[in-house]
1. Considering only M147, P68, A49, whose Cα is most displaced toward the positive end of the charge dipole of segment 9-152, charges sitting on Cβ of Lys, Arg (+1) and Asp, Glu (-1)?
2. What are the GluC sites (Glu not before Pro) within segment 236-289 that DSSP puts in a loop, where the Cβ has at most 15 other Cβ atoms within 10 Å?
3. Per residue, how much accessible surface does the chain expose to a 1.4 Å probe? Answer in Å², no decimals.
4. Work out from phi, with θ = phi - 60° and the Karplus expression 6.51 cos²θ - 1.76 cosθ + 1.60, the ³J(HN,Hα) of each residue of segment 20-25, listed in order in whole Hz, and give x for Gly and Pro.
5. Over segment 9-152, what percent of the accessible surface lies on carbon and sulfur atoms, probe 1.4 Å?
6. So if each residue of separation counts as 0.36 nm, and I subtract the Cα-Cα distance between R113 and A160, what length gain in nm does that give?
7. Could you compute the longest span of the chain free of chymotrypsin sites (Phe, Trp or Tyr not before Pro) located in DSSP loops and having at most 16 other Cβ atoms within 10 Å, not counting the site residues?
8. Apply 1/(1 + (r/R0)^6) to the Cβ-Cβ distance of E284 and N177, taking R0 = 45 Å, and write down the FRET efficiency to the nearest 0.05.
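The values are calculated or read from the model by the stated rules, or taken from the named source; none is laboratory data. All figures in this text were calculated on a predicted structure; none of them were measured in a lab. So basically every Cβ, Gly included, is an ideal-geometry build from the backbone, and we count neighbours across all protein chains shown. Keep in mind that these areas ignore ligands, DNA and RNA; they rest on the heavy atoms of the full protein, side chains included. Shrake-Rupley method; radii C 1.70, N 1.55, O 1.52, S 1.80 Å.
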Amino acid sequence: MQDFLPIKAIDHIEFYVGNAKQAAHFYKTAFGFQSEAYAGPETGVRDRASYVLVQDKIRLVLTTAIQPTSDISAHVHMHGDGVKVIALTVPDALSAFEETVKRGAAPYLVPQRKEDEHGEIIVSGIHTYGDTVHLFVQRDGYQGTFMPGYKAWKSDYNPAPTGIRYVDHMVGNVGWNEMNKWCSFYRDVMGFSQLVSFDDKDISTDYTALMSKVMSNGTGKVKFPINEPAEGKKKSQIEEYLDFYKGPGVQHIAVGTGNILETVKQLKARGIEFLNVPGSYYDEVLDRVGEIDEELADLRELGILVDRDEEGYLLQIFTKPIEDRPTVFFEIIQRKGARSFGKGNFKALFEAIEREQELRGNL
Ligand code: FE2
C-alpha cells in the first residue's frame, strides 16, 4: 500500500511564548541550542518575533506576539508557553494537505508558496488536538536559512551543545475518553499505525492513572504517543496538565542523545531540573533489566532510569516542567537497541511526578 503521507522528518517545533528573546536565551544556555535564524520587525514581520534554534537534527522556533491582539497572544494567554506547531518535512506539501483534508482533517493553512533569492518552500497545515497544529513543509527547493522571511542569526553568545540530537517522540495529552478519537485521527487522516498501548493497569499508582497509545508513521521515524487521564483515587498528572494548559496539548518532547550520562551532567550544570527518583529504585533495577554497559552508581547519582525490552535497553530521564504552569516538559533518552518507551519505569516515575504535584497542591 502506498503511503499517502510520506514524512521525511520532524521539521521543527514551534512554541508560542510570552517572551521569545528570553526563551531563546534559556534554550541556548540550558539545553545548548545554537542560534540559526530570526524574523521580526527588523525583517519586515510586523506582528511577531521568532527565534530559530538548532541542535543537530532538532529545530525549535520560539515565537512571541508583539501586539496584544493576535492569535499568538491569545494562545499564550490561554495556555501559557506551549507547543503550537509540530511541523513535518514532506516531499509534497500540497499533496499532504489535500490527502489529509480529504480524509477529514480541519485545514489550518492552505498551501502557500514562500520564496526569496535562495529558492522556495511550500507550507500547508492542519489542526490536531487542542489548539495544536501540524505544518507540512516542503523545503527541497530551498537553500537559504530556515525559511523565506527569516534572516541568519549570528550571535556572539554560543554556549556549547549538550549532545541532544533528534526528536525521539512527542507526546500529546488529550481529554477524558478522547485517546481513541485522536489515535483514529492519526490512523485515518495521517496514515499512522498503532505501535503499542498501555492501559491503567500498566500506568497506575495508588493515586493516579492514565491510558496511552503510541501512533507511528509508516517509516517509524515519527512517533506520537497519545495520553488520556484515567480514574484514580486522586487527580492524575494528565488531568493536572489539562487543568493548567486549559485543554489538550503537547505534554513532553523526548530528545535522543548518544551519551545520556554526559548530556544529563551538562544539563544539570546549566540549571535544568529533573524529577528525582527514590534511591530504592536503584536497589532493584538490575534485577529487572539485567546487565548494562553503564555504572549503576553513575545512573543513581544523576537519577537516570533504565528499562529493557526484547530488543535491548534504554536509558531515560524527565525534566520538571520548563515553564511555571505544570505543563510541558522534556525527556532525555538514549536507546541501546530498545524501541519501546520505558514501561517498566512508569510506576517509579509517576510516584516522582505525584510528589511534585503534591508540592503544588494539585494532587
Ligand atoms: Fe516519553
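1. P68
2. Working: sites: E239, E240, E262, E273, E284; in loops: E273.
Passing sites in segment 236-289 are E273.
3. Numbers: 15810 Å² over 363 residues.
Result: 44 Å² per residue.
4. Taking θ as phi minus 60°, the curve returns 5, 4, 6, 4, 4, 4 Hz for segment 20-25.
5. Details: 2960 of 5890 Å².
After summing per-atom areas, the C and S share lands at 50 percent.
6. On the way: separation 47, 0.36 × 47 = 16.92 nm, distance 3.50 nm.
Contour length minus Cα-Cα distance gives 13.4 nm.
7. Details: sites that count: F4, Y157, W176.
Excluding the exposed sites themselves, the longest stretch runs over 177-363.
8. Numbers: r = 35 Å, r/R0 = 0.78.
It comes out at approximately 0.80.
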